[in-house]
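The values are calculated or read from the model by the stated rules, or taken from the named source; none is laboratory data. In this text, all values refer to a predicted model and were calculated from it rather than measured experimentally. All Cβ positions, glycine included, derive from the backbone under ideal geometry; neighbour counts span all protein chains shown.
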């Protein structure tokens with residue numbers, strides 16, 4: 001039980017609601033009474049204890065706002081009592097004042113070293129006591145306010161963390177089903193916090209090429225992730241429709257420039273590798289050099305940034321001029337963001353590119369090279385904090401490791417063959433700046449619902465249009481591709497000649513009709529160029545194993561009919577597909 005208090009001795013207008021509680025720990029009865037009377041007079045409820053054991057019990061029951069304790073106590077001295085009491089404080093701040101006689105020398109130093117916050121000297125003067133009380137309670141109020149702010153911040157941080165985790169879950173739910181994962185790619189993405197400004201996208205195009213994008217948004221967390229979401233949505237939508245990498249990057253830049261604040265942008269690289277993993281088309285805008293390495297990890301070729309990051313200024317498709325690189329089966333491609341090279345250790349030394357190159361080469365071990373590279377980088381970092389998002393992508397140019405693209409049975413054609421007709425006329429202005437294939441394929445899909453036939457039709461139209469532009473209108477010689485770095489030379493020449501094209505015209509006529517239970521897509525393409533000699537492009541059996549001229553062989557293999565006329569200026573093909581009534585199948 002708490003000791004009884006004589007409140008009749010209290011003077012003043014203090015109400016029970018605003019009265020504070022003081023605990024006096026002193027074995028001297030007279031000293032207790034004097035201090036108790038002064039505290040009561042100043043509006044305090046006063047509780048007393050005569051020894052350390054009693055002090056613990058009284059403290060637990062009254063939970064005082066301030067404690068006064070005699071420096072010298074029997075059995076357990078004041079210093080030891082304070083140590084025990086502080087264990088009961090929890091996260092509270094309760095001021096402690098030692099009471100001592102005027103003869104005690106160095107009492108303030110001893111008081112503070114012992115865990116006290118102040119002291120008062122006997123004989124106690126009321127004005128000095130009031131001043132001490134005001135100082136100690138100001139300290140307590142400040143501490144309580146800081147504690148409340150800390151608790152509020154902790155609650156806010158907890159809610160923010162939950163929001164970020166929810167946002168990350170939504171992003172992953174959107175991103176993961178679209179991400180094309182295969183055994184020939186391996187990556188690590190380590191956000192600095194919950195959300196990452198770094199991004200990796202991977203998808204297969206309708207032509208079965210592998211398209212990947214690696215990006216590094218300015219900043220971290222949610223603001224940076226907004227840019228990633230814009231990029232992801234644009235990338236996957238356009239790759240699925242068959243747009244080339246030039247158009248994809250131009251569209252991403254357009255959206256980022258329009259939607260993001262002026263200080264936000266995206267350093268990014270996009271890569272397209274053909275389905276046999278022989279030719280790579282790459283464009284680097286602001287990321288560190290892309291590394292093409294031999295099987296032992298030694299650098300074979302660097303692909304530097306050739307354009308500023310996206311979202312900074314307007315950009316045309318013609319500004320995106322990818323490099324085309326021949327790759328070998330044993331080649332390894334490494335793409336990374338600067339968060340990897342800018343890792344710092346405890347000595348404030350940066351990892352840097354040279355150390356990273358040494359790590360890549362030393363990671364030539366059986367197993368996961370990416371894990372080995374990042375683990376070595378973490379060993380260099382030691383206990384230093386991660387200061388940026390880290391992303392590392394490895395691509396193995398071994399087509400035998402590439403898993404087949406999933407074929408969803410639900411994508412089979414569900415609309416019975418209908419009769420319809422599309423006829424389009426493309427002039428030189430359009431031909432210089434755009435590719436109609438994705439638009440046409442989307443229109444055909446919307447009208448007929450061809451599902452899995454979409455990819456084959458995309459390949460057919462792509463090859464027909466490319467051959468018409470490159471060989472029919474511009475008379476490009478495909479044998480250039482056989483030379484060293486031939487693909488790059490060929491497409492650089494193509495880009496230059498395309499800019500000079502002034503009087504080109506391509507007519508595309510697509511007719512669809514039913515033939516028994518089948519649908520027939522008849523495509524006729526006519527151009528106004530000089531034409532070309534078909535016999536110089538395809539062998540007698542229609543098969544070509546060279547790097548040039550394979551497009552016509554592909555068309556022949558996919559179509560039931562293909563026929564050139566008018567000196568190669570006109571090409572007509574017929575693609576046949578069988579209607580499957582999914583309702584009957586069920």
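Here are 67, 99, 79, 121: which of them is assigned by TED's automatic domain parsing to the domain that holds residue 24, in a helix (DSSP H, G or I) and either touching a helix residue (DSSP H, G or I) at 6+ places or on another chain (Cβ under 9 Å) or closer than 21 Å to residue 37 by Cβ (or both)? Walk me through it before giving the result.
On the way: 67 fails: in a helix (DSSP H, G or I); 99 fails: in a helix (DSSP H, G or I); 121 fails: in a helix (DSSP H, G or I).
Just one listed residue meets the conditions, 79.
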Some residue of segment 303-322 being free of Cβ contacts under 8 Å to residues at least 40 places away in the same chain, under 27 Å from residue 493 (Cβ atoms) and out of contact with any strand residue (DSSP E or B) (no Cβ under 7 Å at 6 or more places or on another chain): no
Subset of segment 493-504 [in contact with a helix residue (DSSP H, G or I) (Cβ under 7 Å, 6 or more places away or on another chain), touching a residue at least 60 places away in the same chain (Cβ under 8 Å) and either surrounded by 13 or more Cβ atoms within 10 Å (Cβ to Cβ) or part of a helix (DSSP H, G or I) (or both)]: 498, 499, 501, 504
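Got a number for residues in segment 84-96 being part of a helix (DSSP H, G or I) and either touching a helix residue (DSSP H, G or I) at 6+ places or on another chain (Cβ under 9 Å) or under 21 Å from residue 28 (Cα atoms) (or both)?
Taking segment 84-96 as the starting set, the residues that turn out to be part of a helix (DSSP H, G or I) are 84-89.
Keeping just the survivors that are either touching a helix residue (DSSP H, G or I) at 6+ places or on another chain (Cβ under 9 Å) or under 21 Å from residue 28 (Cα atoms) (or both) gives 84-85, 88.
Looking only at that region, the number is 3.
Among the residues of segment 167-195, which ones are touching a strand residue (DSSP E or B) at 6+ places or on another chain (Cβ under 6 Å) and in contact (Cβ under 8 Å) with a residue 60 or more places away in the chain? Let's see the steps before the verdict.
Of the residues in segment 167-195, the ones touching a strand residue (DSSP E or B) at 6+ places or on another chain (Cβ under 6 Å) are 179-180, 184-190.
Listed by number, the residues that qualify are 180, 184, 185, 186, 187, 188, 189, 190.
Yes or no: segment 445-464 includes at least one residue that is outside the structural domain of residue 317 (by TED's automatic domain parsing), in contact (Cβ under 8 Å) with a residue 24 or more places away in the chain and more than 40 Å from the chain's Cα centre (by Cα).
Filtering segment 445-464 for residues outside the structural domain of residue 317 (by TED's automatic domain parsing) gives 445-464.
The next check asks that each one be in contact (Cβ under 8 Å) with a residue 24 or more places away in the chain; those that pass are 447-464.
From what's left, more than 40 Å from the chain's Cα centre (by Cα): none.
No, segment 445-464 contains no residue that is outside the structural domain of residue 317 (by TED's automatic domain parsing), in contact (Cβ under 8 Å) with a residue 24 or more places away in the chain and more than 40 Å from the chain's Cα centre (by Cα).
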Qualifying residue in segment 107-117 (condition: surrounded by 12 or more Cβ atoms within 10 Å (Cβ to Cβ), within 30 Å of residue 212 (Cβ to Cβ) and at pLDDT 80 or above): no
Exclusive hit being in a loop (DSSP other than H, G, I, E, B), surrounded by fewer than 19 Cβ atoms within 10 Å (Cβ to Cβ) and in the same structural domain as residue 208 (by TED's automatic domain parsing), set 329, 300: 329
